[in-house]
1. Between R12 and R66, with labels modelled 7 Å along Cα→Cβ, what's the label distance in nm to one decimal, could you check?
2. What does the convex hull of the alpha-carbon atoms of the chain project to on average, in nm²?
3. Which residue fluctuates the most in the chain, going by a Gaussian network model with Cα springs under 10 Å, if the choices are P80, P128, P144?
4. For T127, what residues show an amide H to amide H distance below 5 Å, using hydrogens built from the backbone and excluding near sequence neighbours?
5. Probe radius 1.4 Å, ligands and nucleic acids ignored: give me the carbon and sulfur share of the accessible area of the range 73-135 as a rounded percent.
6. What ranking of H139, H32, H156 comes out by heavy-atom accessible area, probe 1.4 Å, highest first?
7. Tell me, what is the per residue accessible area of the chain in Å², probe radius 1.4 Å?
8. Normalising by the residue count of the range 1-65, find the relative contact order in percent from Cα pairs under 8 Å and 6+ residues apart.
Amino acid sequence: MLNPLNDRDLQRLHKAIDWSRKKLDRFRINRHAALKEYVGKHYSDYGSADKVPVNMLEMAASIYLRLLVAKSPQVLITTPHAQLKPTTLNLELALNHVIGQIDLESTLRGAVLNAIFSMGIIKLGITPKAMAEQSGFLHDAGQPFADLVDTDDWIH
């Protein structure tokens, strides 16, 4: 168990983070190179070095994105028991409402786009009361959330 007040544990954590970053550097470099091609020459000074009339990588990514996340996901809950049908309908409506509230569609779009170039990571959970606002993300205490984790921020 990690004790953040223990200097030895904190040093071990920093060492593990550094090791993870070094191991993932090659993948980050490849991802950045692919993203430069994706945004093209005209995006900024940091875009692709080559001018191409039709950015086929951007076109392919857009097509895959539309196919994989066409719209916001919806929940369908069924039961063979007649006495549970009203409860399942209420649960279905509540879950579909939560999916809209947490904007799961945008999170999934970001994850799929990241996955096209490396890996798509989503952090899911229920916001604890003490962490309702942290790192610029505003979540309601006790409510579920789904946040995109950028590949550059990922360590393991």
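The values are calculated or read from the model by the stated rules, or taken from the named source; none is laboratory data. Predicted model, so just to flag it, every value in this text is computed and none were measured. All Cβ positions, even for glycine, are placed from backbone atoms using ideal geometry, and neighbour counts span all protein chains on display. Just the protein is used for accessible areas: all its heavy atoms, side chains included, with ligands, DNA and RNA removed. Shrake-Rupley method; radii C 1.70, N 1.55, O 1.52, S 1.80 Å.
1. That separation, rounded to one decimal, is 5.2 nm.
2. 14.0 nm²
3. P80
4. G142, Q143, F145
5. Here it works out to 62 percent.
6. Values: H139 45, H32 85, H156 125 Å².
Final ranking, largest accessible area leading: H156, H32, H139.
7. Per residue, the chain has an accessible area of 76 Å².
8. Answer for the range 1-65 is 17 percent.
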